[in-house]
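> One structure follows; several queries about it will come next.
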C-alpha cells in the first residue's frame, strides 16, 4: 500500500528487516523486526518519517489494519461480514463506548448476516 495525503506520503512496510537504534550511551542495537505490517508516514517538506496507527472512534478506539487506500484525508477498507461482526462484538465488550453508540453498533451487528456482501468502510481521518 502506498498513498499520499496533503503534505505527506504514507505506506506500508511488510516482511522482516533489521531495525537499528542507539541506546542512551550511543551503542547501536539491532533487532529483527517485522511480520506484522507497519504503516509509515513521511513529511513531504522535511522528509522526516514515523510509524503510525489508525484507530476507529466508532469501534471503541480499535486499531484498523489493512487499508485499501489512504487518499484525500480518508481511510477505505473492505471487510467480509464475519470479520465486521467480530470487530463489532469486540467493540461492544469495550467500556469506551457511549450508550448511544453502543445501541447503534448493537443494531448494526444484528443486521449483519453471513450471506451479506463485503462491507466497505470509508472514513474521514482526523489528527489527535
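> Tell me which residues, restricted to the stretch 64-106, are within 10 Å of the chain's Cα centre (by Cα) and either assigned by TED's automatic domain parsing to the domain that holds residue 13 or outside any strand (DSSP E or B) (or both).
Passing the criteria: 65, 66, 67.
> Of the conditions (1) outside any strand (DSSP E or B); (2) exposed (fewer than 14 other Cβ atoms within 10 Å of the Cβ); (3) modelled with pLDDT of 80 or more; (4) under 14 Å from the mean Cα position of the chain (by Cα), residue 51 clears all except one; give me its number.
(1)
> Output the number of residues of the stretch 107-128 satisfying the condition of being in a loop (DSSP other than H, G, I, E, B) and either within 22 Å of residue 52 (Cβ to Cβ) or assigned by TED's automatic domain parsing to the domain that holds residue 6 (or both).
4
> Tell me which of these residue 58 doesn't satisfy, since it passes every other one: (1) closer than 30 Å to residue 4 by Cα; (2) out of contact with any helix residue (DSSP H, G or I) (no Cβ under 8 Å at 6 or more places or on another chain).
(2)
The values are calculated or read from the model by the stated rules, or taken from the named source; none is laboratory data. Values in this document were obtained by computation on a predicted structure and should not be read as measured data. Note that we place each Cβ from the backbone using ideal geometry, even for glycine, and neighbour counts take in every protein chain shown.
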